[in-house]
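Working notes, structure below.
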Amino acid sequence: MNLEKSLDTIPIFRQVGAVADQMEMETYLVGGYVRDLLLNRPSKDIDFVCIGDGIRLARAVSESLEEKAPVSVFKNFGTAMIKVGDWEVEFVGARKESYQSHSRKPQVESGSLQEDQERRDFTINTLGIAVNQGNFGELVDPFDGVKDLKRKIIRTPSDPDITFSDDPLRMMRAIRFASQLKFDIAPDTFDGIISNASRLSIISGERIIDELNKIIMTDKPSYGFKLLFVSGLLAEFFPEMVALQGVDSVGDKSHKDNFYHTLQVLDNVAARTDSLWLRWAAIMHDIAKPATKRFNQKVGWTFHGHEDKGARMTPGIFRRLKLPMDERMKYVQKLVKLHLRPIALVNDKVTDAALRRLLFEAGDDIEDLMQLCRADVTSKNDHKVKRFLANFDKVDKKLQEVEAKDQLRNFQPPVSGDEIMAIFDLKPSRVVGDLKEEIKEAILEGQIQNNKSEALELMYRLAAKKGIEKKTNY
Ligand code: ATP
Ligand code: MG
């Protein structure tokens, strides 16, 4: 690959080189951008390392730009950032770092380019390309990063034990890069993760979930989860998921391994959508199976109520993992709670009332729920898979028919609480809620149509039974 030519596709590299030449500073493009360039992947941000003061270089580069870009300085880190078009361009002076055991904040002093490359997490992230005019486009690769890119290997440039103990977040990053790039982790690097897994406790939940979500967003998230599980990292922050693993047997009756089943469901969902939260619903759908597992002589293993218990566990797990507690959590909780319902609708004798209820409860998330249910079919028996999926097609059709007729997925009460209070001159009270609820029930049960006139008529009848009178002047 002709690096000079590749760099010349964006003017920023020559420009930074020219400014650095004027300041007589050796400067290199480094890290993720170089890695992604060699892998022919799109990159989000551009990092430069210079021998000298990175903040001074950033200011001079900003001055040299036609459209002045403000410099954001992060004094504590000795770095500075400029936004150039869509690019975030970061500058740092070459440095070496030393760590103390209780924190991932290193002591920093200036160092050589090689020392700066050595402090980086993985060999594939240590690569530098010179941008000064004299050696523009020259690759600097003291740790065989290019070889590891070719062999598809994640490896630390120095002793993995020290690398991971210094900054345990790197363990999550190792698995994240392996998942994103479909790379292996070198055996001694992986051993380093296993021995330092418990050090993850000094990393903030926000940083961990950030990496985890990137793993979840890869093409085949099961790969990352298997690495997290085998290394012992998953147990550090998500023990409920680890508890899914394993098979119990009584006599010749065993249940399936719910960890590997969950990963299959997650991969199935990932093959169809980019939605992080539908992927989270897949991760969570069977989370309460260990807690609800029973053995019964007649029927074998059961997990009664795991969908309800799983929904109840969802807020606690989301809070602890620093996931959002807003409508995204509620969405996951809803899908967990409802994930068995479409199966119950497969039966030919299923009533319209049952279909209406599911439409009412799932609302606009009914398609996502059906996707989760299809993904949940992980049998190895092709005939069974075909039959189950055909059954879901039938359920889909029935749901569509009922929806066309009754419009329930965005159910709005045809008579509002305010109207009920105005008609009967009532204060906000239990009886208002009761009337609303009974009207909704009658609609779902199919006793009345989902429209205002039938709802009002029923409301008057119900009110009369309760001895409530209409306001005289209404
Ligand atoms: P991406 O931007 O796709 O997440 P990246 O490699 O650019 O990947 P960044 O987090 O942007 O990752 O970091 C830029 C560079 O800084 C990395 O390539 C690596 O050289 C170095 N780096 C980042 N985080 C660490 C860390 N925790 N320990 C050591 N080096 C790191
Ligand atoms: Mg980056």
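FYI, it's all coordinate maths here, none of it is from the lab. Please read these numbers as outputs of a predicted model, since none were measured by experiment. Quick reminder, even Gly has a Cβ in these numbers, built from the backbone with ideal geometry, and neighbours come from all protein chains shown.
Computed quantities for the displayed model
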item	result
Lysine pair number, Cα distance threshold 27 Å (strictly under), region 40-148, separation 8 or more or different chains	14
Sequence of TRP87, TRP280 once ranked by neighbouring C-beta atoms within 10 Å, starting from the fewest	TRP87, TRP280
Low-density loop cleavage sites - trypsin sites (Lys or Arg not before Pro) in region 54-107, where at most 15 other Cβ are within 10 Å (DSSP)	LYS68
In nm, spacing of pseudo-spin labels at PHE74 and GLN449 (7 Å Cα→C-beta vector)	6.2 nm
Full-stretch length increase - GLU67, VAL250 - with 0.36 nm per residue and alpha-carbon distance subtracted	58.6 nm
Magnitude of the charge dipole, the chain, Cβ model with Lys/Arg +1 and Asp/Glu -1, debye to 20	2060 debye
Using alpha carbons only: equivalent-ellipsoid semi-axes of the chain, gyration tensor based, whole Å	56, 30, 20
Sites THR273 and LYS465 - FRET efficiency at Förster radius 41 Å, r taken between beta-carbons, to 0.05	0.25
Per-residue HN-Hα couplings for region 181-189 [Karplus 6.51, -1.76, 1.60; θ = phi - 60°; Hz; x = Gly/Pro]	9, 6, 9, 8, 9, 4, x, 6, 5
Mean Cβ neighbour count within 10 Å, used as a protection proxy, ranking 220-229, 241-250, 292-301 highest first	220-229, 241-250, 292-301
Net charge, ILE202 excluded, C-beta distance under 13 Å - Lys, Arg +1, Asp, Glu -1	+2
Backbone HN-Hα couplings from phi across region 103-113 [Karplus 6.51/-1.76/1.60, Hz, Gly and Pro as x]	8, 9, 8, x, 8, 10, 9, 5, x, 7, 4
GLU367/ASP434 FRET efficiency (R0 35 Å; Cβ-Cβ; nearest 0.05)	0.60
Residues in region 130-154 that a label on ASP184 would reach, taking backbone N under 14 Å of a point 7 Å out along Cα→Cβ	148-154
Efficiency of FRET from Cβ geometry, ASP393 and SER198, R₀ 45 Å, rounded to 0.05	0.40
Length-normalised contact order of region 417-465 in % [C-alpha pairs under 8 Å, at least 6 apart]	26 percent
Computed [θ] at 222 nm, helices only, for the chain once each DSSP H run of length n ≥ 4 contributes -39500 (n - 2.57)	-16000 deg cm²/dmol
Restraint check, LYS397/LYS452; LYS337/LYS386; LYS182/LYS226, Cα-Cα greater than 21 Å	LYS397/LYS452; LYS337/LYS386
Alpha carbon centroid spacing (whole Å) that separates region 334-354 from region 76-151	55 Å
Loop sites in region 345-374: trypsin sites (Lys or Arg not before Pro), DSSP, at most 13 other Cβ within 10 Å	LYS349
GLU403 paired with VAL108, simple spin-label distance in nm, labels 7 Å along Cα-to-beta-carbon	5.2 nm
Amide hydrogen neighbours beyond the local backbone of ILE448, cut-off 5 Å, H modeled	ILE443
Long-range HN-HN contacts of ASP425 with modeled amide H, under 5 Å	LYS471
Karplus-derived 3J(HN,Hα), 6.51/-1.76/1.60, for each residue of region 312-321, Hz, glycine and proline x	5, 6, 4, x, x, 5, 4, 4, 5, 7
Long-range HN-HN contacts of GLY93 with modeled amide H, under 5 Å	CYS50, GLY54, ILE55
